[in-house]
Amino acid sequence: LPMCTGAAANLWSPLAAEWQATANTVAFVNGAMGGVIAALGCMAGGFLCDRMDRKPAYCLFALLIAAVTALMALAPRTEFVFIVATSTYAFVTGLTYAGFSGVVLEAIGRGAAATKYSLLASLANMPIGFMTFVNGWSHERWGSSAMLFVESAAGAAAVPLFLGVARRSRRRPGPA
């Protein structure tokens with residue numbers, strides 16, 4: 001599903017000029033600092049997933065990342081906003097990756113766990129590639145604000161679908 005992909009980060013460099021962000025700023029917030037911030041998001045997401053149901057947590061994180069991209073589309077085009085928005089996006093992407101891991105680990109159980117996790121993690125790259133393509137296409141066609149809204153809408157629209165599948169696939173207790 002196109003939720004929680006973090007795919008918009010693949011286009012921060014082409015968008016940076018609109019926010020008057022320098023190449024050094026982009027390299028810093030999308031590189032070293034972005035990695036540290038995403039790691040902090042992963043730790044926070046793991047903490048939250050250990051304290052609540054992982055599926056709703058994953059959906060909450062999806063809605064948070066959708067909100068960040070929508071707010072970035074509406075925000076003033078300044079370097080400071082670029083730094084805050086992309087850093088927030090990195091943090092929430094960390095939350096989403098922890099949520100994804102929590103959902104997958106819960107779903108796969110114990111048998112052949114390494115194989116199942118590796119398979120599902122590799123399949124998770126498909127929505128990232130798809131959303132990178134969609135984001136690039138929408139940016140070329142309609143501009144950066146529309147691209148950010150498309151990213152936001154795709155993630156938010158996927159949440160009810162995810163919840164529906166999660167409800168339908170819930171394990172039912174066996175006969176007593």
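One quarter of the surface of the convex hull around the alpha-carbon atoms of the chain equals 10.8 nm², the direction-averaged projected area. Extension gain, Ile128 to Arg141, is 2.7 nm, computed as 0.36 nm per intervening residue step minus the present C-alpha separation. Shape of region 32-102 from its Cα gyration tensor (a ≥ b ≥ c, root eigenvalues): rounded if a/c is under 1.5, otherwise prolate when a/b > b/c, or oblate? Oblate.
Taking every C-alpha pair closer than 8 Å and separated by at least 6 residues, the mean separation divided by the residue count of the chain gives a relative contact order of 37 percent. Projecting the Cα atoms of Gly109, Ala98, Val159 onto the charge dipole of region 79-176 (Cβ charges, centred on the Cα centre) puts Gly109 farthest toward the positive pole.
Among the protein heavy atoms of the chain, carbon and sulfur supply 69% of the accessible surface, probe 1.4 Å, non-protein parts ignored. Evaluated with a Cβ-only charge set (Lys, Arg +1; Asp, Glu -1), the chain carries a dipole of roughly 900 debye about its Cα centre, given to the nearest 20. When trypsin sites (Lys or Arg not before Pro) are flagged only if DSSP places them in a loop and at most 15 other Cβ atoms lie within 10 Å, the longest unflagged stretch of the chain comes out as 111-169.
Annotation: per residue accessible area for the chain equals 54 Å², rounded to a whole number [probe 1.4 Å, protein chains only].
The values are calculated or read from the model by the stated rules, or taken from the named source; none is laboratory data. These numbers come from a predicted model, not from an experiment. Cβ sites come from the backbone with ideal geometry, for glycine too, and all protein chains shown count toward neighbours. Just the protein is used for accessible areas: all its heavy atoms, side chains included, with ligands, DNA and RNA removed. Shrake-Rupley method; radii C 1.70, N 1.55, O 1.52, S 1.80 Å.
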